[in-house]
Structure formats: structure tokens, C-alpha cells
Amino acid sequence: MSSVLERARRIDQRFLVAAAILFAVLLPFFFDSGSPFMDDAVLALAYVVMALGLNVIVGFAGLLDLGYVAFFAIGAFTMGWLGSTFYSESNGGDGIHILVTGAASNLPGIHINFLLVLVAAVVFTTIAGVIIGLPTLRLRGDYIAIVTLAFGEIIGQVAANGDQIKIGPIWDATLGKLPLIPDLGSSATLTRGKLGISPVDKIDLPFMDPFTSLNSRPWYFVALGLVLLVLFVNVRLRDSRLGRAWLALREDEVAAISMGIPTVKTKLMAYGTGAALGGMSGAFLGSFLNTVNASQFEFLFSIFILAMVILGGLGSVWGVVIGAILLSYVNSWLIPDVLNGLPGQLGLDFDLTQVSFAIFGFILVIVMILRPEGLIPERSRKQEMHGIGAGDTAGAGTDVELGEAG
Amino acid sequence: MSAGPEKAAAPKPAPEVPIRAEGLTKKFGGLTAVSDVDLELRAGEIAAIIGPNGAGKTTFFNMLTGLYRPTSGRIRRGQRDITRARPDQITALGVARTFQNIRLFPTMTARQNVMIGRHSRMRAGIFGSIFRPPWVRNEEREVWERAAEELRFVGLKPELLDRPSTALSYGDQRRVEIARALASDPEILLLDEPTAGMDPRESGELADFVLRIREERKLSILLIEHDMKVVMGISDRVTVLDHGELIAEGDPAAVREDPKVIEAYLGRGATA
Amino acid sequence: MPVAFAIHDLSADGSLVRIGNNLKDGISNGAIWALVALGYTMVYGIVELINFAHGEVFMIGSFIAFAAFGWLGLDLTTAIPLLILGLALTLLISAIASGALNGMIEKVGYRPLRDAPKLAPLITAVGFSFILQNVGVLWLGGSQVSVPDLIGSQNLLFEVGGIDITNGDALSILTTIPLVLGLTLFIDRARMGKAMRATAQDPDAARLMGIDVDKTISATFLIGGVMAGAAGLIYALYQTTIWFHQGFEAGLIAFTAAVMGGIGNLRGAVVGGLIIGCIQQISDNRIGPEWTPVIVFAFLVLVMLVRPRGLLGEETRQAG
Ligand SMILES: Nc1ncnc2c1ncn2[C@@H]1O[C@H](COP(=O)(O)OP(=O)(O)OP(=O)(O)O)[C@@H](O)[C@H]1O
Ligand SMILES: [Mg+2]
């Protein structure tokens, strides 16, 4: 009987999902391709990818990662390294070109097709995730938050001072002899320091309109493709052996490890997945924003993405999508364009853009106190955040129909 | 029910002594919770650990299952030294447990709880979970059914299968915990006060059920128990701890007469 | 590390003056971190929460001190006796205001979440930290603001063995010592101090013993805030520049100091603060200030990974 209801609900849900995807696909045809709205939409989708990545770490596995910006940085730098004139001395000044067409194919520097860069970004961020996670995830939860924050800051600072780190000679000395490793020239550095790497190659894909800064439609579709991919990963992981193990670790770590769940390995899978997804979005943003700049990689960004996850609902896939879209528009449209004059009109002497920090901070506080499960709560989270087990629903025998089957 | 749900074929012959503690000691700061305890569990037996509150029984279990690292001494699982092994490795080696103060996952259903118990016997990793190839689908479905079977075996009413574990009665929660432990196909089952909070009738039923588990699942059971009636009724051997030390060991009837044991329990009226 | 540099200096210029000055600066700076770290360690010891906003309470302390200079009319022309009186008054104002702020954050942000998963109050703490940073931005703008150098921070007071002790050094050390001593005495002797220790060990048992746990926790936040406020004043006088971002790094440094000293251990937090102060100075002076944050954060990571229970031991109740 309940299974009939549930099947109905599931069909309902599928219908909703299909409608949402259809809407997202058709949306760009109702807006001018060069309009700010479309630019903001591309940004919003890229943030959805980020937020869904962080959702695997914080929402599914319950690991508070305050340094998620690290993966944005590494993904974006992968794009900058492999798709710009930054390493202009590479290959003796001729540059390296793999599967690129158009202007990029004649420029010096390394220029590699976006899809390959995407793969490289995933590989780099996953490796970084494992390196950071392996020692860190042994710690207790709140220490994990601080150590990930520190790693995020370290990566941001290294990006800002990376012009002092010469990699050419080291690279050549250790790896240059291998046939696959390119010669970067003797003055190559890790980053361009505070200046940033710009311009960055545009995405270049067959069968699509050219990707330019005036035409956001192709960018939109690539971002949407990434969103769908990441959504798929989120949903599949949630309803799997791993998703169940993450839930168990979140609810009672001692019981979970006693039931045979390896803590560090299981957490590492969440952390590595989240890292990889953040790296994907980072590579995309590197190309879309046309710059890879140390000032992008600040703690505020980690909190911005975290606020999306929390607002939408920790662990709730659809909630996080909505949270990300909302906050992205709040940040790129509502605050600067719509409400910015508001304090002035009220006789106050500041711009709203100056207080964007506080707005995200405020969201964290308000949501946690008033509705910790977020806008669209994930099934089990609601009870969890209200401290179940200690009180309320724990009372046995009151056959309340709380249940939704797994 | 036929001889329990399909058991994963044990490749190696069952070792002589499934689990053995040698000189096991645990100190918490100045307090010695378990002091130099030797104990072995023989294949197919039900052994009980008794002792007054705070004697160190649960701490002993926590060391056997890898939750606490012993201050000194060793633990062997068959031929293997598992003193420094992690809890998940110990579970994978066929040791499962329940907790004194029930520790089910509160927001999960009874069935999901038992599926967690099966985790160590499943293979789906990150790519399997994302791409969900046929073998992963099969694995998931089998575990789903297996969980229901385990819950039926422990006597949970079928309509409670997909209830959140916190909505179950106390006795049912204890059953789900046992089912969760059994789901990992253990060769050794550690039960920490399984009758705590039960009335005499329920305790009696549970004692019978423990015997049945041993018969049908062919495993060895180590149990911590305060209820002397249960202890005397089902255990082959009894070990008594007091202030962390092993003060007596042997045949239940003999242990009950041991003056040291009587002294340890003096004033507690636990010798039923 | 200091030892290595000391040997290096000896062989390079045959004297220990440079490392001595590094360490002296480190201790003066570290004294400020120590005061901030006390608040972290006390709060974590009692509610097991990283009060992420604590660094910002310290920052607001500096801002209030700066404002109080204005209210009290303290400037470079103020006569010395009046100056001392004014600074004492400022200390009182910024300490009380910061204490009250910290207490308020606890009431609004953490108390309602005491039964929620530990993640929840930590997230509100991060939220408060951002809100307060923004208060700082609106108050004094987004860049460094210079504070009147009331005490002549860099003026030489006296010299021992080639090491210059300035007015700033004297202020920092001479204010910190009595505060730390007073606090340890309070925790050891006073009724409230005893209640704090009991609650830190086992809140349930403390409640059974008739201790008002809520009140004790509030008092802990209050005292932590008072220490941060005092640190804020010293920072303003010592550095002579303040800005909204100073709390972020101070918070992380101080938390590292608290962990290094063993969470809950007051003396440990002080020692931790001094050590990190020295590391910073050595890095500033020898590697380059732009790398100091990396060094400090790397040190933080190292401490957390290698000695999460602290160099000096002593931990709160087990989580398991
Ligand atoms: N994690 C811990 N930290 C400090 N002391 C502990 C810890 N775990 C147990 N103890 C102490 O070790 C001693 C033994 O405790 P244990 O729980 O093993 O006793 P027990 O025999 O299981 O008692 P009971 O019959 O009440 O369950 C007790 O004094 C207890 O306070
Ligand atoms: Mg016990």
C-alpha cells in the first residue's frame, strides 16, 4: 500500500526532474546570448557544480571542509597552465598544441583541448585531495575544519607568491629527460603571482558555436552538461553502499567502524570526489572568467560555496542546486545591481557590495539556528540536525509514520 | 528457515581457538580498567564474562574489536595477531558485536541498519557506485533481501522492516542490533549485555535465541551478562572480572561457588 | 628552528644579537596571541567548540580601543599620568565590551544548538566571524588604519646585550603577565573557576553537583572575550595599525597555539602563543614576510596532524 504511494511519488519526482532539465535546456533560447542574465546563468551553473562537489564532502560524509577553495584554485590553475601563453618558452618557444584549433593553435605556450584539461584538472585535484585528506581525515571533525581551512589558505598564498617559485630548472632536472614531459624553458614559475594568468584559452569544441565572451550560449550548455554529470554522480553516490556508509559515519562513527566501515578510506572517497568535482568547475571557470588570479582564491569563496550547501540543505542534492542558484544570483545580480543603492536610500553610508561577507555569514547563522536542515531537507537530515536520539522521536512505541523507504 | 541465509563459503578451515587475549591490559590515565587478562574463546562455545559494574568488561570488548588500543598484551584471531588491527579489519576477519547501550543508526530504517552490517562483505567502490554495473545492482539487491532475512531470523515483524530504528520498541532495537552483527557473517559474536533492560520473560527468550544462533549459524559467542539465570543457563564457561582483574574462570556452577566471586558481588545480590 | 638559526648566526656574524632580537619580538607578539589563545582554550575546554568568531572579537577589541582613544581625548600630547589613567580606562572598556560581545554570541548562536551535531555551532561560529569582519569594514573601512602611537611603541626603553627592549615590548609583556597570572589564580581558586573546571571535565556530573552549567559556560565566554579585548588594545598600541582582517589570522594562530599547548591547558596556550610569535618573527626576518602566512599555516597543519593532543598533553574528555 505504502509502496504504491511511494511509486507515485517517485514518478512525480522523475517528472519534476525531467521538467527542470527541459527548462534548463530551453532557457537560453529566451534570452539574448550576450545578456548579463546569461552570463550570470553560466556562473550560477558553475557554482552548482562546485556546491554539489562540496555537498559530497560536507553533506554526505559530514566533513566540514572550510578550504574547498583549494580545489577551485588547482582546477583553475590546471586550465591556466595548460591553456594560455603563460609558459611561453615551452618547447623552445614554439609552444605545445594538442587538439586545439583557431587562434590558440598558433600561440606560444601550452594549449590543450578543454576536455583533456578537464581530465587533467580532475586528476590533479583528486591527487591533491588525497594528499590533503589522508593525514587530515584521521582527525576529529572540528580539527578537520581548521586543517582544511589552513590548506586552502596555503594554496591561496602559494598562488599569490608563486612567481617566486621557479619550476623550469627543477622540472627539467628531474623530469625533462622523459619524452612526454615538456620543456618549459628556464624561467618558468609556478604562477604569475598577484598578476594572474590572463587571457586563458576559450573552450573549443567541435559542432558548437565559437566560445566567445559575447556569446554565452555555448558556455551555458557546457556548464549545464557538467551540472548534469555532477548531479548524476551525487544521486548515484547517495543511493549506494558508499552513501549508506557516509550516513552511518555521520550518525555514529563508533558504531560505524565497529560494523566494518573503514573510516579514513570511506571519508577519503568523499573528499576525493568532492575535490575532483571542484576541480572540474575550477577549470571551467578559469576559461570562462578568462583569468586565473590569486585574489579569486580566498577563504570567502569557501564560505560562499558552503553557504549554498547549507542554505539548500546539507546532503540534499536538489536543495543544494537551488541554494547554489539562489546565492549565485544574490551575489552577481541582487546585491550589486538591484539592492546596492538600498542602504543609501535608507540614509546609510555604505554600498551593499561592501557587506556581502556579512550576508553570507548571516545566512549561515540564520539557517543553522532556525532551519538547520536547509530549504529542502534531505531525508534523514532533519531529524539529525534536531538532535534526534537525545529526545523527541526517540520515544518508542508511538508508531508514527515517519518512514520513507530507502 | 533453512540453515540461515546463504553463508559466504569460509575458504579456510576454522582455527582451533577463534580468538584469544594474552595479558591484555588497558589503562586510562591512572585507572587500570583491564589488567593482565588472559582469555580464550573456543570454537563453537558460548562463554560469558561477568563482573560488577565498572569491572572492565566493556573495555575488554572494545579492545577485542579494535576500538581501544591495548596498553599491553596481545590479541590473536586464530593464527593472526590482531592487537593493532583497525575495527574494520577485525570485522572483516569475522568478529561482530553489539553494544551495551544500543547504538543503532537513528535515522536509518531497521533494514538499512542491517545493510550497514553487511558493508564489509560488499565490494562496490566509488566507480561501481557511480556507474552501477550489473554486478553492483545484484549485490545491492542481494543485500537488501539478506537484511530482511536476518531481521526475520531475529524475529522482527515484517511490517517493521522499513521503520526508522528509533520508532522500534526497546526489545526490537536489540534484535535489530543482533541482526546487524549477524549480517557480516561473523564466526565470533560478541554480545554486550543483550538482556539489559528486559523483563525475565524476554530475557529467557533471548537466552534461547542465543542458543539457536549458535546452532544455526555455527559460531562462537562471547557474552557479557549481568543476569545470572541467563549466564548459568546457556554458557559453557564463565570468566569473572573485578576491578579489571580476572578473579575466576571455569564451569558456571563452580564459578558461582567461588568465594572470591561471592566477595566481589557481596551486597549486590546478583547471585540469583 | 631558533636553535638552528642561532648556530647559523654565531657562525655568520659571531653574535646572537639577531636571533635574540627575533625572539624578543616574537615574545612580544606572541604575548598577544597568548591572550587570544586563552579564550580559545577555555571555550574549547568547556563546550568543545572552536569559537571561530573569537579572532574577530579580538579585532573588535582593537577597534573599540581605537575609538576609546578618541572618546577619552588621548593623543600624542596627553601628559603621562593622564595617559596611563586613560589607557587603563581603555583597557577596561575594550575588555568589557569584547567580553560582552563574546557572551552575546554564545547566547544567540551557540546555546540554541547545544544538542545539535557539532557541525552546527561551528558553522554559526564561522557565520559570526564573517558578520563581525563586515562590521569592521563598515566601521573603519577595508584597509589598514593607523592608531596614534601613544606609547611610542618603537622607542627604546633600555638595551640588554644588544637586544633592544622598546616601550611596545614592555607594554605587551607587562600587561600579559598579570592577566595570565590573574586568570590562572581565578580558575584555581575562585568558585566560578572551580565550576568551570568541573563543567569542562563532565558537564552532566557538574549539573548533578548543583553547578549552573549555563551560567558557567556564559562566564567562560565572557572571560575569554575579556582576554581578547585586552589583547586587542595591546595589539593596537604595539602595532599602531589595525584593520578588519587582523582577527582572521590571529584567530587561526591562537587556535593553533591552544592546540599546541593542549586544549584546556591555560599555561600551554600561553607557551604555544609565544612559540608561534617567535616562528613568525624568524620567518618575517629571514624568509620574507610574504611567506609568513604559509609558514604559520603549515605549522598549524603540522601541529594538528602530529600532536593533535598538544605538546604539553592534557586533553578534555574522550569523544568516543
Ligand atoms: N574511554 C574511557 N576513558 C576513561 N575511562 C574509561 C573509559 N572507558 C571506560 N572507562 C573506565 O574503565 C572502567 C571499566 O569500565 P567498563 O565500561 O569496561 O566497565 P563494565 O564492566 O563494562 O561495567 P558495566 O557493567 O557498568 O557495563 C570504568 O571505571 C570506566 O569508568
Ligand atoms: Mg559495560
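Per-residue extension of 0.36 nm, minus the Cα-Cα distance of A:GLN345 and A:VAL25, leaves a gain of 111.3 nm for this segment.
How would the protein assembly as shown be classified by its alpha-carbon gyration tensor: rounded, prolate or oblate, with rounded meaning a/c under 1.5 and the a/b versus b/c comparison settling the rest? In terms of gyration-tensor shape, oblate. For the stretch B:27-113, applying the loop criterion from DSSP together with a ceiling of 16 other beta carbons within 10 Å to the chymotrypsin sites (Phe, Trp or Tyr not before Pro) yields no site. For the stretch C:84-183, trypsin sites (Lys or Arg not before Pro) meeting the loop criterion (DSSP other than H, G, I, E, B) and having at most 15 other Cβ atoms within 10 Å: C:ARG114.
FRET efficiency for the C:SER143 to C:LEU302 pair, using the beta carbon distance and R₀ = 35 Å, is estimated at 0.65. Residues within the reach of a label modelled at B:GLU22 (point 7 angstrom out along Cα to beta-carbon, backbone nitrogen below 20 Å), restricted to the stretch B:83-106, are B:83-86, B:90. Counting other Cβ atoms within 10 Å as a rough exposure proxy, the listed residues B:ILE90, A:ILE57, C:ILE7 run C:ILE7, B:ILE90, A:ILE57 from fewest neighbours to most.
Note on A:ARG138/C:TRP71: beta-carbon distance plugged into 1/(1 + (r/R0)^6) with R0 of 35 Å gives a FRET efficiency of 0.10.
Evaluating 6.51 cos²θ - 1.76 cosθ + 1.60 at θ = phi - 60° for every residue in the stretch B:165-173, the Karplus couplings come out as 4, 6, 8, 8, 5, 4, x, 5, 4 Hz, glycine and proline recorded as x. Using a Förster radius of 22 Å, what is the FRET efficiency between A:ASN290 and A:LEU334 based on their Cβ-Cβ separation? Nearest 0.05, please. Efficiency computed from Cβ-Cβ geometry: 0.40.
Bridges between two residues of the protein assembly as shown, per DSSP, are antiparallel at a rate of about 60%. Relative to the current alpha-carbon distance between B:ASP199 and B:SER169, full extension at 0.36 nm per residue lengthens the span by 9.5 nm.
Separation of the stretch A:308-346 and the stretch B:48-69, taken as the distance between their Cα centroids, equals 52 angstrom.
Each peptide among A:316-322, A:15-21 gets the average number of other Cβ atoms lying within 10 Å of its residues, and from highest to lowest they stand as A:316-322, A:15-21. Can you tell me the 0 to 90 degree angle between the C-alpha axis of helix C:266-286 and the longest principal axis of chain C, rounded to 10? The angle comes out at about 40 degrees. Fewest-first ordering of A:VAL122, B:VAL114 by other beta carbons within 10 Å of each residue's beta carbon gives A:VAL122, B:VAL114. Spin-label model, B:ARG212/A:ILE131: points 7 Å from Cα along the beta carbon direction are separated by 5.7 nm.
Per-residue ellipticity at 222 nm computed for the protein assembly as shown from its helices equals -18000 deg cm²/dmol, with DSSP H segments shorter than 4 residues left out and the rest contributing -39,500 (n - 2.57). In terms of other Cβ atoms within 10 Å, B:GLU40, A:GLU251 run from fewest to most in the order B:GLU40, A:GLU251. Could you state the angle between the C-alpha long axis of helix B:134-153 and the longest principal axis of the C-alpha atoms of chain B, as a value from 0 to 90 degrees rounded to the nearest 10? With both axes taken from Cα atoms, the answer is about 40 degrees.
For the stretch B:186-272, the set of trypsin sites (Lys or Arg not before Pro) satisfying both a DSSP loop assignment and a count of at most 14 other C-beta atoms within 10 Å is given as B:ARG268. The spacing between the stretch C:202-274 and the stretch A:34-98, judged by their C-alpha centroids, is 37 Å. The packing ranking of peptides C:239-252, A:74-87, B:136-149, B:238-251, highest mean first, is A:74-87, C:239-252, B:238-251, B:136-149, where packing means the average number of other beta carbon atoms within 10 angstrom of each residue. For the stretch A:232-249, the residues whose backbone nitrogen is under 20 Å from a point 7 Å from the Cα of B:PHE131, taken along Cα to Cβ, are A:232-243.
Could you let me know the centre-to-centre spacing of the stretch B:120-178 and the stretch C:87-129, using Cα atoms, in angstrom? After rounding, the separation between the Cα centres reads 44 Å.
All of the numbers you see were taken from the coordinates with simple rules; none came from a lab. Bear in mind that the values here come from a model prediction, so they are computed numbers and not experimental data. All Cβ positions, even for glycine, are placed from backbone atoms using ideal geometry, and neighbour counts span all protein chains on display.
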